[in-house]
Amino acid sequence: MPLTRRVLALALTVCLGLAACAKHDPVTSDDMSLGNPAAKVTVIEYASASCPHCAEFNNEVFPAFKAKYIDTGKIHYVFREFLTPPVEVAAAGFLVARCAGRDKYFSVLDAIYRGQQAMYQSGDIKGTLLRIAESAGMTEPQFDACIADEAAAKALTDRVARYAREDNIEGTPTFVINGKPMVGAPTLTSLDTAIAAAGGH
């Protein structure tokens, strides 16, 4: 499932380059989000679909975090895509999640994270992503067109470049809670503390 060399080169440059000064970006239409947009606390997660630590957070912490804070409307959760090696896996995963539609984005991403270890062990990247896409209602031709979409791939790498440049994101997962960064996969307890400090309850 090749993406163009130009797009991959840009992605690698973004992931390996140092970022400039950080600033807290407002939520945009490009962002995928859950919860209450009017909540006092906004939790932004920068994560990669190919990142094992991101998968660990998704699989082990996110369900309880979602039940406690997102489903109750206590926070606005924003997910921002970042690219880490293997970049082609991360990019393809995000492209598939977006092609599935906003209403299925998080369920597709969850399936990718939960299948990540087996995917790496088997080496069957395309087959795993295709099965996930089909479970979300996509056909194989739609899947093939999705991961070959150069315009969508460029839009993805442009977003990642902006996050690295403007938000000082250098690795995943990184969380920003009302403008304050938390680097690494947090526990629910550490999120409790950070959200309380930001004015959540």
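Counting each DSSP H run of 4 or more residues in the chain as -39500 (n - 2.57), what helix-only mean residue ellipticity at 222 nm follows after dividing by all residues, to the nearest 500 deg cm²/dmol?
My calculation for the chain gives -15500 deg cm²/dmol from helical runs alone.
Give, in nm to one decimal, the length gained when the segment between Q142 and K68 is fully stretched (0.36 nm per residue of separation minus the Cα-Cα distance).
Difference between extended and current length: 23.0 nm.
Round to the nearest 0.05 the FRET efficiency obtained for N59 and D31 when R0 = 22 Å and r is the Cβ-Cβ distance.
E(calc), rounded to 0.05, equals 0.50.
Can you tell me what share of the DSSP beta bridges in the chain is antiparallel? A percent to the nearest 5 is fine.
Rounded to the nearest five, the antiparallel share is 65 percent.
Which lysines have a Cα lying under 29 Å from the Cα of K40, excluding residues fewer than 8 positions away in the same chain?
Within the straight-line cut-off, K40 pairs with K23, K66, K68, K74, K104, K180.
Can you pull the one-decimal nm distance between simple spin-label points at E134 and K180, each 7 Å off the Cα toward Cβ?
Reported label-point gap for E134 and K180 is 4.8 nm.
State, as an integer percentage, the relative contact order of region 12-162 based on alpha-carbon contacts under 8 Å between residues 6 or more apart.
Relative contact order for region 12-162 comes out at 26 percent.
For region 27-62 and region 65-134, what is the centre-to-centre distance using only Cα atoms, to the nearest Å?
So the separation of the two Cα centres works out to 11 Å.
Given just the C-alpha atoms of the chain, how large is their convex hull per residue in cubic angstrom?
107 Å³
If the label point is 7 Å along Cα→Cβ of D192, which residues in region 73-93 have backbone nitrogen under 18 Å from it?
73-75
So for T84, T28, fewest C-beta neighbours within 10 Å to most, what's the order?
So the ranking, lowest neighbour count to highest, is T28, T84.
Here, each number is a calculation from the coordinates, and none is a lab measurement. The structure presented is a predicted model; accordingly, all values stated were derived computationally and were not measured. Here the Cβ is made from the backbone with ideal geometry for all residues, glycine too, and neighbour counts use every protein chain on show.
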